[in-house]
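Here it is, the structure, as structure tokens.
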Amino acid sequence: MNFLQKRIEQDGRILSSRILKVNTFLNHTVDPQLMARIGQAFADHFKEIHPTKVMTIEAGGIAPALMTALDLDIPLVYCKKAKPSTMDDPLFTEVFSFTKQTSYTLCMERASLDPEDRVLFIDDFLANGQAFIGIENLVSQAGAKLVGCGFCIEKAFQSGRSHILEKGYPLYSLAPIARFEEDRVIWLEEE
Ligand code: 5GP
């Protein structure tokens, strides 16, 4: 069991058979030391594919994605969930939110990516892969290339994993969950 899995066992809360709450260390209150280790782990894993930018979605993905970008010494682009009036030439796509059960418009400035960019997508959770589909769409509209996807927590019993693997992208999750059993997390490696 790695450092993130241990922290989830210690401080995570299972809210239902599908939702894990990690807002005391990952996506509301954020533990910077934990984020630094997460960033190192993603950077070590993905450095050989030579990403030129890290991408994520506000807000939960920003902390792990920023630490990954810091370790890889490349910029982070985070997509916004509403169009700011300051954007000159925005790219848009619709994303269905698993936790909020509603759609939102994902948005980024076209000039944030160059067609030569090799994009590494980092997010806090992988569930049904809707955020991944949105990022893949924006990267493709910008003419750039998605080269890998890293998630802090993956719920491998949902469909996101197969969407990503079917398309042939490298996928790496630090804490892949097979299922929740009452109030216990069953890790993929225990299955
Ligand atoms: P997906 O787009 O893969 O369907 O869902 C991923 C997004 O939904 C993540 O960025 C995260 O914000 C949210 N999410 C999915 N599952 C969970 C969960 O179990 N707990 C929390 N806190 N967020 C989740």
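The values are calculated or read from the model by the stated rules, or taken from the named source; none is laboratory data. All of these numbers come straight from a predicted model, not from anything done at the bench. These area figures cover heavy atoms from the full protein model, side chains too; ligands, DNA and RNA do not enter into them. Shrake-Rupley method; radii C 1.70, N 1.55, O 1.52, S 1.80 Å.
Can you work out ³J(HN,Hα) from phi for every residue in region 39-45, in order, using Karplus 6.51 cos²θ - 1.76 cosθ + 1.60 and θ = phi - 60°, giving whole Hz and x for Gly and Pro?
3J(HN,Hα) across region 39-45, in whole Hz: x, 4, 4, 5, 4, 4, 5.
Right, next: So which residue, out of E58, E166, E116, gets the largest mean-square fluctuation from a GNM of the chain using Cα contacts under 10 Å as springs?
E166
On the protein heavy atoms, probe 1.4 angstrom, tell me the percent of accessible surface of the chain carried by carbon and sulfur.
That fraction is 49 percent.
Let me ask something else. Taking H placed 1.01 Å from N in the peptide plane, check which residues at least 5 places from L20 or on another chain put their amide H under 5 Å from its amide H.
L15
Next up: Compute the accessible area per residue over the chain, keeping the other protein chains in place, probe 1.4 Å, unit Å².
49
Through the Karplus equation 6.51 cos²θ - 1.76 cosθ + 1.60, θ set to phi - 60°, convert the phi angles of region 14-23 into ³J(HN,Hα) values in whole Hz; use x for Gly and Pro.
7, 8, 7, 6, 10, 10, 10, 9, 10, 7
What are the residues whose amide H is under 5 Å from the amide H of I57, where those residues sit 5 or more places off or on another chain and H is modelled from the backbone?
Correct list: C79.
Give the separation of the Cα centroids, region 17-32 to region 118-191, in Å.
17
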